[in-house]
């Protein structure tokens, strides 16, 4: 089955639009990809979040999140990632902590308040909050150094 049939993210027009809107100069330039992704997400309830960062591949997104209702971050991530086999949603509440592009610098990872990763290939995923800011009842839902190390783009499985 072709992914374009079930995933808007894999429809040729969307993929071509993101790739055409993106340029690479060592550190990714994201402004064109951001503008394209913003227009393609108009139907999503942003729940007060503002899209600020898009990877040129169109599968990783950074948001400025409101500092209230942290449960809504997960709902936003589910909406953004609907129909994608791989998707990463990162969130910050401090606009100055959001990086200018990819790869995500260490300092920006440390200031991240929310992370959602869906990886259908590995049948895995992450959903985690910065529990120093947004307390969670389950400690497994807290960001730690391991979860913050996820790359901004699809992880490539190692070949034995």
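Derivation of every value follows stated rules applied to the coordinates shown; laboratory data play no part. Nothing here was measured: the structure is a model prediction, and the numbers come from that model. Virtual Cβ from ideal backbone geometry, glycine too; neighbours counted across all protein chains shown.
Computed packing ranks the peptides 133-140, 82-89 as 82-89, 133-140, most packed first, by mean other Cβ atoms within 10 Å. When each of the peptides 110-121, 52-63, 94-105 is scored by the mean number of other C-beta atoms lying within 10 Å of its residues, the order from highest to lowest reads 52-63, 110-121, 94-105. For the pair residue 47 and residue 82, label points projected 7 Å from Cα toward Cβ lie 1.3 nm apart.
Counting only Cα atoms, the size of region 108-151 along its three principal axes is 31, 24, 13 Å, in decreasing order. The stretch between residue 133 and residue 94 holds 12.9 nm of extra length on full extension. This uses 0.36 nm per residue minus the Cα-Cα distance.
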